[in-house]
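J.: This structure is in structure tokens; I'll ask about it shortly.
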Amino acid sequence: MSTGRVRTKKKACSSDQSPDNLPLRSSGRQVKKKAAEAADDDDEASEKKYRKCEKAGCTATCPVCFASAAERCAKNGYTSRWYHLSCGEHFCNECFDHYYRSHKDGYEKYTAWKRIWTSNGKSEPSPKAFMADQQLPYWVQCTKPDCGKWRQLTKEIQLTPQIAKTYRCGMKLNNSTKTEGSDQCSMPEDLRVAEVSDHWWYSMLILPPLLKDSVAAPFLAAYYPDCVGMSPSCTSTNRLPGESNLVKLEHLKSVPNLTVAGMNKYFQPFYQPNECGKALCVRPDVMELDELYEFPEYSRDPTMYLALRNLILALWYTNCKEALTPQKCIHHIIVRGLVRIRCVQEMERILYFMTRKGLINTGILSVSPDQYLLPKEYHNKSVIIVGAGAAGLAAARQLHNFGIKVIILEAKDRIGGRVWDDKTFKGVTVGRGAQIVNGCVNNPMALMCEQLGIKMHKLGEKCDLIQEGGRITDPTIDKRMDFHFNAILDVVSEWRKDKTQHQDVPLGEKIQEIYKAFIQESGIQFSELEEKVLQFHLSNLEYACGSNLSQVSARSWDHNEFFAQFAGDHTLLTVGYSTVIDKLAEGLDIRLNFPVQSIDYSGEEVQITTADGTVWTTQKVLVTVPLALLQKNAIQFNPPLSEKKIKAINSLGAGIIEKIALQFPYRFWDSKIQGADFFGHVPPNSSQRGLFSVFYDMDPEGKQSILMSVVTGDAVTTIRNLDDKQVLQQCMTVLRELFKEQEVPDPVKFFVTRWSKDPWLQMAYSFVKTGGSGEAYDIIAEDIQGKIFFAGEATNRHFPQTVTGAYLSGVREASKIAAF
């Protein structure tokens, strides 16, 4: 009690006067004195009847106990102490005792909950946590379009997604088909609801919300539920009986790729404990840097953010074929108390952020104008995209779905850029450009294949190396030379650790230097065959780089390996990348045969001039042309690009590989290759390295007879001035050497690519030239004045050289443009 009230009591006790003892006449002073004492007595009675919440800053002047558990519950009356959960939610000391004191009726219920919480969770199983998790009433929003008021459910009602999805004001939840009264929606909303939106209300929340039966639970079984925003008391988050947390985590170390039953095995959006190095993966218990930047209010306690973000991600990967809207998420938010209202409000913000970032609602989704994925404040922009390759189409699809007006100007008479599939071969699609997906786990290409219902063919690991003359190389020789080859690259990695860009040397030169030093120091002499096998592995490296090794940086040739890469299977996209590209382009405003000559961004708006003299005006421009065209100033910028950007553009190389595909009357290679997806060609000497070094069987089902091979490194220059028939003749000479023991028929159909001669492409993919660095990718990607943006594989430092990298760069720039 306060000292003021103690003093009042003493006065009351010391007075021996009663109404019967009062003198018939009193002085004015005595009357005033008695009146003051009576007022003090009234204050005392008032203070006994009501007591404020003692939580500093709480606005509840007359708290009400939500628990009503104890017989002597204070309800809205007096209690010796109010326990604060939020500014609108308190429980009385009597209800506290009811559960916390061992001699009270509720103690057994509390201790049973406590056992479950302790076995599953990490946070303290306090009485407040119990009340928040088990006793607070649920709140639900009326789904009637013209209502939307929040209503508190009675204590015995358990909220389910179905109730949340269908609730109407006055609905009797014991019989959900009936409602009480004719117009329950006209009843006013509880005044506490309006306060929940205020920032101070959240700051006064004692415990963060922990979702019950979250859709994310199957993904996160290895985590403490309360560390990832879920309640430890739910059956969906229970650990196996008798299994300690440590045992469970140890078990999961041996099964790192936890997948959810019925879900695409390539969908692994969350890291498991002790796991790292997986691209497009998030830690469910930690906010990412861009999330903290966007939502700094959660930096102190990220629990609510993590609960909602994890739920949203799980919902998206559970059904990626439909746009995920706030309405589809709301009924999955199951948590007691007024905080559910706050969760629903915050979920919308988080969902829009994740949509803008391309973490959800991405891929080939197409939405109608009345279902744009971002609110109206994002729609007041106009964008022109230069180039209809994977990057340009990815950005356009995202921006279009956001509700932003976008036009694509494409120089060629087709879309796709370096994705170009040939469908004239009988029963098989053959990519003139990309066709392999490297690492499918969380790869957006795997996501889009799932959206389209396309199956990808997993490439096997078997690759026999066949020598000219027809002999299959002993696998032990291949393994030994592969080991030595990788050992050389390991030495390169050690060498570069303390080297600056100025100390860089060509990768080919450094490999040769290390190889010679090894031979001298070890005294080992490789056989002629082993030397040839080493040349095969070098040609494979040139395939990866898109260049001969004399131009590639020894310091930065694999710069992107420092970032998490796509894990899992390498697959052949048998239907071709164009299936995905065509779907991305569906419904977009694409203008073919419109080469862009200049971009003038000196004024308030940007003006683009195309080859036919047309001037296009827009607010923002996204340039997605290949690196080779930027290097040759195919587009004139006004003002000119900065020296820093030009230097970065020229520090990368425009790599080239070419392909040849051949259709035969029958599968002459089957008996020798025995079901492998590809086989290697051991070059007879270093001068023929890269000339048809690998052959791919383009029909995994084994019905059609089509092989595809690649030309890499210096061999690209060798065939540049040959006509297609001469290239075919060289390829057939190689095949007949590899299968010398049998007759190899002439092909009935073939093609040879000429990417280097395509005026609007002139390249395959980028690499870091000697003296350059991976930072160049980031510099090229930098926007100019929030007006000119850049995308394409040569702007993606993490995933260069791939269709996936190009696609993700488009998604990245769409997010930046939407945010400006």
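J.: So what does log10 I(q)/I(0) come out to for segment 478-551 at q = 0.26 Å⁻¹, using the Debye formula with one equal point on every Cα and no solvent?
T.: -1.40
J.: Net charge around VAL710, counting only other residues with Cβ within less than 13 Å of its Cβ (Lys, Arg = +1; Asp, Glu = -1)?
T.: Result for the neighbourhood of VAL710: +1.
J.: Ignoring ligands, DNA and RNA, how do LYS725, LYS144, LYS510, LYS455 rank by accessible area with a 1.4 Å probe, largest first?
T.: Output order, biggest surface exposure first: LYS455, LYS725, LYS144, LYS510.
J.: How much of CYS185 can a 1.4 Å solvent probe reach, expressed as accessible area in Å² and rounded to 10?
T.: That residue has around 20 Å² of solvent-accessible surface.
J.: Another question, if that's okay. Accessible area per residue for the chain in Å², computed with a 1.4 Å probe and the full protein assembly in place, what is it?
T.: 46
J.: Given a 1.4 Å probe and heavy atoms of the protein chains only, how would you sort GLU775, GLU643, largest accessible area at the top?
T.: Ranked list, largest accessible area first: GLU643, GLU775.
J.: Find the relative contact order for segment 673-820 and round it to a whole percent, using C-alpha pairs within less than 8 Å whose residues are 6+ positions apart.
T.: Across segment 673-820, relative contact order equals 11 percent.
J.: Give me the count of lysine pairs in segment 591-722 whose alpha carbons sit under 21 angstrom apart, restricted to pairs 8 or more positions apart or on different chains.
T.: Step by step, the pairs that qualify in segment 591-722 add up to 5.
J.: Moving on. Counting DSSP beta bridges in the chain, what percent are antiparallel, to the nearest 5?
T.: Of those bridges, close to 65 percent are antiparallel.
J.: When you count, for each residue, the other Cβ atoms within 10 Å and take the mean per peptide, how do 757-769, 362-374 rank with the highest first?
T.: Those peptides, ordered most packed to least, come out 757-769, 362-374.
J.: Could you please state, rounded to a whole Å, how far the C-alpha centre of segment 579-621 is from the C-alpha centre of segment 342-411?
T.: A separation of 18 Å, based on Cα centres.
J.: Work out which helices of the chain, taken as complete DSSP H runs, extend at least 30 Å along their axis over the Cα atoms and score a mean Kyte-Doolittle of -1.0 or more, then list them.
T.: Sorted by number, the helices that extend far enough and score high enough are 475-496.
J.: Return the carbon/sulfur percentage of the accessible area of the chain, one whole number, probe 1.4 Å, all protein chains in place.
T.: 50
J.: Sorted by accessible area (1.4 Å probe), largest first, how do ARG432, ARG115, ARG812, ARG480 line up?
T.: ARG115, ARG480, ARG812, ARG432
J.: Excluding ALA814 itself, calculate the net charge of residues whose Cβ lies under 10 Å from the Cβ of ALA814, where each Lys or Arg counts +1 and each Asp or Glu counts -1.
T.: Counting the neighbours of ALA814, the net charge comes to +4.
J.: Could you order the peptides 599-605, 275-281 from most to least packed, using the average number of other C-beta atoms within 10 Å per residue?
T.: 275-281, 599-605
J.: Dipole size in debye (nearest 20) for the chain around its Cα centre, Lys and Arg Cβ +1, Asp and Glu Cβ -1?
T.: 2920
J.: Kindly rank 729-738, 218-227 from highest to lowest mean number of other beta carbons found within 10 Å of each residue.
T.: Listed from highest to lowest mean packing, they are 218-227, 729-738.
J.: If contacts are Cα pairs under 8 angstrom and at least 6 residues apart, what is the relative contact order of the chain in percent?
T.: 12
J.: So what is the 222 nm mean residue ellipticity for the chain from helices alone, if each DSSP H run of at least 4 adds -39500 (n - 2.57) and you divide by all residues, rounding to the nearest 500 deg cm²/dmol?
T.: Result for the chain: -10500 deg cm²/dmol, rounded to the nearest 500.
J.: What label, among (1) 14, 41, 29, 13, 3, 0; (2) 13, 36, 28, 15, 5, 2, 0; (3) 12, 28, 25, 18, 14, 3, 0, belongs to P(r) over Cα pairs in 20 Å bins from 0, in percent computed from the structure on display?
T.: From the options (1) 14, 41, 29, 13, 3, 0; (2) 13, 36, 28, 15, 5, 2, 0; (3) 12, 28, 25, 18, 14, 3, 0, the structure gives (2).
The values are calculated or read from the model by the stated rules, or taken from the named source; none is laboratory data. Treat the numbers as computed from the prediction; the structure is a model and nothing was measured. We place every Cβ from the backbone using ideal geometry, glycine too, and count neighbours over all the protein chains shown. Keep in mind that these areas ignore ligands, DNA and RNA; they rest on the heavy atoms of the full protein, side chains included. Shrake-Rupley method; radii C 1.70, N 1.55, O 1.52, S 1.80 Å.
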